[in-house]
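Visitor: Before I ask anything, let me first share the structure, which is written out below as structure tokens.
FYI, it's all coordinate maths here, none of it is from the lab. Quantities reported herein were computed from a predicted structural model and do not represent experimental measurements. Note: ideal-geometry Cβ built from the backbone for every residue, glycine included; neighbour counts use all protein chains shown.
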Amino acid sequence: MISSTISRYACRIIIDRENYDKAFLYAAGFDSVKNIFLGSLYFKEKATKWMKRNGEMDGLTTNGILILHPNRNTEELSEEDVPPMYVWREVSVDGDIYTLRETRSSNARGALVPEETNMLQDGTLIDLCGATLLWRTADGLRKSPTAQELEMALDRLNAGKPQCPVNLNTLIIPKKKSSKGGGSRQPYVYLRCGHVQGKHEWGHHALSNGQQSYKCPICLAESERVIQCASCKLTKRVLQLTMGMESSFHLDSGNLDYAFNPCGHVASLNTVR
């Protein structure tokens, strides 16, 4: 049995009693005797602790609690504009924000980032080192599409009958990813150029280092980035596209013109940004 790196006392989420739509993330939780628990069963006393200038103690958990806020300043961007990359931060026991450590369990903490906050936003990701939580607010969920609306968006996309330029057959984006590849009607996307096609062998050849190369038949671009599949352990330069039917992960039911890399789930521009 593989041991998990997640502690049962990984973090605390505290809600403001007077303003219940405000929630704050803090590293570590209270154990059965009401003490803050920083370490893990395998790395006791390894967690970083220090005294702040105001005399209060602060610390980090052994493997760290990471936070990633969404970038909501994209309303004025066009479809071609690329918004700034998101930046993961680490949250301390006292709720302060720090840059990431050199390694996940390093004893040296990162630099303090006083201008950033531990208050959770709609769409904030929380990395517990073994599981990732997606924080959604009540207002955000009310604006999210229903499962029926997502199915209608997928039906609109498939109704356009996208065609593979090599096999000349109609492609269909499924609701669930197939472990067997889904056949010739399953759409795939080239990681470098973004062109979507069916499953074919055109432009596919083995490299001298044992990796596989895929050349797009539309623009002739070689997909440079290689991703290792978690299930088959093979390197891939194309991604199988599929619909993510979990409605709470979507911000709207707009056109499904984009996909996440490396999972291949299709979504609207607003959702992927």
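Visitor: Place a +1 charge on the Cβ of each Lys and Arg in the stretch 84-198 and a -1 charge on the Cβ of each Asp and Glu, then give the dipole magnitude about the Cα centre in debye, rounded to the nearest 20.
Guide: Dipole of the stretch 84-198, to the nearest 20 debye: 840 debye.
Visitor: Then there is this: So what are the ³J(HN,Hα) numbers for the stretch 28-36, from phi and the Karplus equation (6.51, -1.76, 1.60; θ = phi - 60°), rounded to whole Hz, Gly and Pro as x?
Guide: 6, x, 8, 7, 5, 10, 6, 10, 5
Visitor: In addition: So what J values fall out for the stretch 133-147 if you push phi through Karplus, 6.51 cos²θ - 1.76 cosθ + 1.60 with θ = phi - 60°, rounded to Hz, Gly and Pro as x?
Guide: After applying 6.51 cos²θ - 1.76 cosθ + 1.60, I find 9, 10, 8, 10, 8, 4, 5, x, 5, 5, 8, 6, x, 7, 4 Hz.
Visitor: Mind ranking 257-270, 193-206 by how tightly packed they are, going by the mean number of other C-beta atoms within 10 angstrom, highest first?
Guide: Highest mean packing first, the order is 257-270, 193-206.
Visitor: 5 Å is the cut-off here: which amide hydrogens, built 1.01 Å from N in the peptide plane, fall below it relative to Ala259, excluding neighbours closer than 5 in sequence?
Guide: Here the answer is Ala267, since their amide H atoms fall under 5 Å of that of Ala259.
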